[in-house]
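This report refers to the structure that appears directly beneath it.
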Amino acid sequence: MGKVGVKLAVGCAVAACVVASVMVGRRVRRKRAWRRVVRVLEELEEGCATPVGRLRQVVDAMAVEMHAGLVSEGGSKLKMLLTFVHNLPSGSEKGTYYALDLGGTYFRILRVQLGGQRSAVIGQDVDRRPIPQHLLTGTSEVLFDFIASSLKDFVEREENVSERIPSERRELGFTFSFPVKQTSSSSGILIKWTKGFVIEDMVGRDVSECLQQAISKKGLDMRVNVLINDTVGTLAVGHYHDEDTVAAVIIGTGTNACYLERADAIIKCQRLLTMPGDLVVNMEWGNFWSSHLPRTSYDNDLDADSPNPYDQGFEKMISGMYLGDIVRRVILRMSEELDVFGLVSSKLHVPFILRTPLMAAMHEDDTPDFREVAKILRDTLEFSEIPLNVRKLVVRVCDVVTCRAARLAAAGIVGILKKIGRDGSGGIASGKNECASRSEMRRTVVAVEGGLYTNYTLFREYLNEAMTQILGEEIAPNVIIKVMEDGSGIGAALLAASHSTSSVDTVQIP
Ligand code: BGC
């Protein structure tokens, strides 16, 4: 071999060594980066852990905060709002009533015909429409004008002219699912917005009055005769079908609960309560807070970036408005460690781009190669090729976030049961109704509405499993979670009927 040949051979060998060492180096770096990504996942798992012991602490904290919120105004982050609902539908309501359900991504208009016998909703028409995004942050006038127009269209479309007696005014139950300080069963003042609504001029104003004015402006003969929270509507329907229903929970875009409380336990407003018996308290549990809640840096960042920082802490860990965005934040963090997601797409920086239904679809992807996960990441976040191990990682992130949410919701429910002595433990305070011992635990029904619980199977399974773990095998069978489809809307129509001037019998809650 000549000199040139030797040089060439040496050159090739050197080049091969360089290439090999670059490849090895790259592999080592990727391995290290992958380890860092796995570490991000492990930290998330640790941060979101909800062993039963911790859930029981949340249960206790919920019950204690409920008590504090009932003792004095501002005594707790739980507002424990009075609803003035003493009378739940009895089953004897008759006639046609309207309901308007505003509170999430959609609003619904219902026309419900009641036949006068228990469980006899003899007909119902529903119109479900998305709320145009710009209305969530505009003015109250524009929002209510839009709603009243839709209501008028619906009435004109659905009503058979011959069937209506002109002297009879139409009656409407208004479900408005935001924190409202009720001044009566048909009026109340908006305390604050949640779930992305920011219409400043509404805060502090009477919600029914705004709607009534908009309806009258459209020339529609209709009276808003009850104003309720969606939880209260769900409780009304639950109780209508099953008298053992003592509480209602919404787990959808937002989350909240209401329950039946003894009037004498509502210490902060005794002078307003003229009737004995039970009445419905809207907890506004979305704002619940406790140091026992497992919180991560992702939750802190989401809160800081939200339109309502330091507010609705429980809701931001549980509800459909936020879960997808927590997952997005974790994926973003992972993609900063490792370019397995391809070039970090700018889409990944867009808040709320990964909506919770998409996250649920990834979580429940049962194809062997997680095809749906890859498709959603590609279509929504503009990722290119996603290796299988990364797809699995994303599913695991969804699992951790959802599992925590569902288990916390379960702890919240048991907290309510504990407060009213229906968890089999004897309640938080010695009192008249806190005597249920394990052996005499009564059948207890909790009505639930909201897409996160009804449409997301794994969420539902995690919640139900946690209920059994917290309550124990002996007590758990006495607590029944019942789904109330359209409960918040139908409940408003039922309550409109039971509070109607041409009213039928109502049951005062014993
Ligand atoms: C609101 C509650 C409502 C819940 C569920 C929360 O953001 O504050 O009033 O019941 O969402 O819709």
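The values are calculated or read from the model by the stated rules, or taken from the named source; none is laboratory data. Remember, it's a predicted structure, so these values are computed and weren't measured experimentally. Cβ placement follows ideal geometry from the backbone for every residue including glycine, while neighbour counts extend to all protein chains displayed. Note: accessible area is taken over every heavy atom of the protein model, side chains too, but ligands, DNA and RNA are not part of it. Shrake-Rupley method; radii C 1.70, N 1.55, O 1.52, S 1.80 Å.
Miscellaneous remarks
- Partner lysines for Lys316 [C-alpha distance under 20 Å; skip if fewer than 8 residues away on the same chain]: Lys77, Lys79, Lys192, Lys195
- Take the convex hull of the alpha carbons in the chain; its mean projected area over all directions comes to 29.4 nm².
- C-alpha center-to-center spacing [segment 228-255, segment 258-329] in angstrom: 16 Å
- Theoretical FRET efficiency, 1/(1+(r/R0)^6), r = Cβ-Cβ of Lys218 and Ser72, R0 41 Å, to 0.05: 0.45
- Around the amide H of Arg223, modelled in the peptide plane, lie the amide H atoms of Arg170, Glu171, Leu172, all under 5 Å away and 5 or more residues distant in sequence or on another chain.
- Here r is the Cβ-Cβ distance between Lys347 and Glu46 and R0 is 30 Å; the resulting FRET efficiency, rounded to 0.05, is 0.60.
- You can think of it this way: the chain between Asp305 and Val395 has 29.9 nm of extra reach, that is 0.36 nm per residue less the Cα-Cα gap.
- Across segment 198-340, the mean sequence separation of Cα contacts (distance under 8 Å, 6 or more residues apart), normalised by length, yields a relative contact order of 18 percent.
- Theoretical gain in end-to-end length, Val483 to Val142 [0.36 nm per residue, Cα-Cα removed]: 119.4 nm
- For Ser498, Ser291, Ser425, the ranking by accessible surface with the largest value first comes to Ser291, Ser425, Ser498, using a 1.4 Å probe.
- Only helical runs count toward this figure. For the chain, summing -39,500 (n - 2.57) over DSSP H runs of n ≥ 4 and dividing by all residues gives -14500 deg cm²/dmol at 222 nm.
- Extending 7 Å from Cα along the Cβ direction at Arg443 and again at Gln133 yields two label points whose distance is 4.8 nm.
- Cβ-based charge dipole, the chain, positive-most Cα from Val397, Ala496, Ala409: Val397
- Treating r as the C-beta distance of Val198 and Gln113 and R0 as 35 Å, the FRET efficiency rounds to 0.40.
- Percent carbon-and-sulfur accessible area, segment 278-429, ignoring ligands, DNA and RNA, probe 1.4 Å: 52 percent
- Relative contact order [Cα under 8 Å, 6+ residues apart], segment 178-253, whole percent: 24 percent
- With the simple model of a label 7 Å out from the Cα in the direction of the Cβ, Asp339 to Thr468 spans 4.8 nm.
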